[in-house]
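What follows is a single structure, written as structure tokens, with notes after it.
The values are calculated or read from the model by the stated rules, or taken from the named source; none is laboratory data. Just so it is clear, the model here is predicted, and its values are computed rather than measured. Here the Cβ positions follow ideal geometry from the backbone for every residue, glycine too, while neighbour counts run over all protein chains shown. Accessible surface is based on the protein model in full, side chains and every heavy atom, while ligands, DNA and RNA are left aside. Shrake-Rupley method; radii C 1.70, N 1.55, O 1.52, S 1.80 Å.
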Amino acid sequence: MVFSRSLATIVTGPGLVACGAAGVVAWNCGYWGLLTGSVLVALWLCLLNAWALVQPLTAAPPPTDADASDAPAMVLRLLLDAAPTPLIGIDQTGARALNRAARQRFATDDRILPMPAELGDPAVTHLRHDGRGWRIDRVTVTGGLSGRSVAALIDIEQEEHAAEARATAELIQILGHELLNGLAPIVSLAESGAAAVDRPGVDPALLREILGTLARRAEGLQRFTEAYRALARLPQPTRAASALDEMAGDLARLFAGRWPAIALTVETPQATWPLDRDQIAQALWALLQNAAEAPGTTRVTLRFQPAEAGLAIDVEDDGTGVAPDAATRIFRPFHTTKPEGTGIGLSLARQIALAHGGTLTLEPASATVFRLLLPQ
């Protein structure tokens with residue numbers, strides 16, 4: 001208000017002088033319209049100055065504690081509204097869109113009407129809406145607000161596309177690396193053979209050695225491509241009730257014939273489980289082979305046991321274990337530390353586990369334990 005008074009004083013002074021000068025000129029020249037306007041402007045300036053003088057002096061109110069506490073809340077609301085993931089508040093009365101993404105997805109400003117039944121059931125983890133699949137990640141609100149939760153809708157298709165793109169890029173990189181590694185010596189050997197033929201007095205022994213090495217390298221490249229084809233063409237599992245002890249007995253007999261110097265212990269219940277027996281046996285054989293060929297292995301255990309999430313199948317060995325820096329790479333296709341290995345076994349076993357809706361993991365334990373988990 002002090003600023004308003006100063007401004008009114010500054011404007012009024014020069015304005016009255018200008019109006020007086022204009023009035024004198026208008027009186028002498030007979031410009032009665034100009035004279036009338038000068039008088040009216042002078043009156044308006046006087047009234048403006050008088051109004052500024054009668055206004056009470058008031059200062060701007062200091063900021064309150066409530067205003068200070070509202071600032072972080074405002075920032076959080078802005079961040080929440082800008083989040084690309086639809087966020088939904090759920091309580092006994094229904095569901096509300098908490099941010100812009102949720103409002104756009106459900107075409108509402110506040111309440112979601114009608115509320116999808118999947119949102120109201122805490123046990124449901126997936127939602128089908130607008131032709132898209134969503135995963136429901138729930139967080140229960142604490143602090144006396146019982147029955148309230150916040151649900152984040154995760155676009156499953158978008159996640160799958162991103163994961164597929166990463167897997168494809170990684171696979172292309174691995175294929176390119178392995179093919180180049182296999183082709184480079186073949187090209188070199190072919191050039192050496194051509195040079196040997198061009199020399200006067202061909203050495204049959206040298207030429208035979210070059211051709212034999214060339215054939216072995218070509219066969220290695222062929223095995224690699226066949227292994228890749230087997231990995232890429234894994235069929236969908238055909239589940240049927242299978243006796244676990246019978247499958248374990250078959251694997252034990254095959255193991256004893258292949259590695260008679262290594263002791264195999266089998267622990268399995270008298271039970272059946274719905275699975276594709278051929279595929280699961282192939283996955284377990286890959287795990288048993290990996291355990292038997294690990295450095296320092298003298299004993300291997302194949303263990304079937306019920307778990308909270310389903311059936312757990314463990315393959316344990318007493319070898320030197322997996323190096324920490326290699327633990328993240330052992331399931332990659334074609335990754336191997338064995339001279340004659342293809343790097344397909346563990347990757348194929350994991351693909352079979354995933355096709356059954358399960359998982360294959362390297363467990364954190366003192367011994368080397370691979371766990372194949374099949375869901376209910």
Quiz item: Taking a probe of 1.4 angstrom, what is the accessible area of VAL41 in Å², to the nearest 10?
Solution: 70
Quiz item: Within the range 290-331, which GluC sites (Glu not before Pro) sit in a loop by DSSP and count at most 15 neighbouring Cβ atoms inside 10 Å?
Solution: GLU308
Exercise. Sort largest first and round to whole Å: the equivalent ellipsoid semi-axes of the range 81-130, each the square root of five times a Cα gyration tensor eigenvalue.
Key: 17, 12, 10
Self-check item: Stokes-Einstein D in µm²/s, Kirkwood radius over Cα pairs - the range 251-309 at 20 °C with 1.002 mPa s viscosity
Solution: 170
Quiz item: Largest first, what is the accessible-area ranking of HIS129, HIS161, HIS356 with a 1.4 Å probe?
Solution: HIS161, HIS129, HIS356
Quiz item: Tell me, what is the 1.4 Å probe accessible area of THR238, in Å² to the nearest 10?
Solution: 100
Quiz prompt | Distance from the range 284-330 to the range 104-153 (C-alpha centre basis), Å | solution = 40
Exercise. Would you mind classifying the range 277-322 by shape? Square roots of the alpha carbon gyration tensor eigenvalues, ordered a ≥ b ≥ c; an a/c under 1.5 is rounded, otherwise it is prolate if a/b is larger than b/c and oblate if not.
Key: oblate
Practice problem: Report in % the part of the accessible area of the range 221-319 that belongs to carbon and sulfur, leaving out ligands and nucleic acids; probe 1.4 Å. | Solution: 50
Exercise. Could you order LEU76, LEU372 so the one with the most accessible surface comes first? Probe is 1.4 Å.
Key: LEU76, LEU372
Self-check item: Stretchable slack from GLN376 to VAL24, in nm (0.36 nm times residue separation minus alpha-carbon distance)
Solution: 116.3 nm
Quiz item: What ranking of ASP198, ASP314 comes out by heavy-atom accessible area, probe 1.4 Å, highest first?
Solution: ASP198, ASP314
Quiz item: R0 = 25 Å: FRET efficiency of LEU79 with ARG138, Cβ-based, nearest 0.05?
Solution: 0.80
